[in-house]
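Working notes for the structure below.
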Amino acid sequence: MGAAADGLRFTVLGPVRALRDGGELNTGTPRQKAVLAVLLLHPGRAVSADQLVDALWGECPPGRPVAAIRTYAWHLRKEIEPDPAEPTVLLRVGSGYRLDVPEEAVDAGRAAGLIAAAARARTA
């Protein structure tokens, strides 16, 4: 999980954004941002194609939803991967994907860590 080390950060509290060394990356269309958001809510864990389809379209998916998700992932890789030909951040896992980033690379993960630290400090 080298995302934090290479300056890659993400936000989901507010607009979904990807940043590298403080500069914003193009996360694409609203559906691409939705794929990214779902993956960011499960950092380091696989999200199945079925989960992504359900999150993006609910009960009304398009004709080829998995193909659409693959296209969204391909576009996201072009932005967030140091080398899209050899992905190390957005990985295919079975029929789904995993965003291989530490929780602290995501603003929600950092917030959860601060809340936990505050709770520990309060009880100490």
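Quick one: Thr88, Thr11, fewest Cβ neighbours within 10 Å first, how do they rank?
Thr88, Thr11
Calculated FRET efficiency, Arg122 to Leu41, Cβ-Cβ distance, R0 = 25 Å: about 0.40 to the nearest 0.05. Highest mean packing comes first when the peptides 55-64, 13-22 are listed by Cβ atoms within 10 Å, giving 13-22, 55-64. Across every pair of non-identical alpha carbons in the chain, the mean reciprocal distance, once inverted, gives a Kirkwood radius of 15.1 Å. Note: relative contact order over the chain, using C-alpha pairs below 8 Å and six or more positions apart, is 33 percent.
Quick note: the coordinates plus some simple rules give every number you see, no bench work behind them. Just so it is clear, the structure is predicted and the values come from calculations on it, not from any experiment. In this analysis, Cβ positions are derived from the backbone assuming ideal geometry, glycine residues included, and neighbour counts consider all displayed protein chains.
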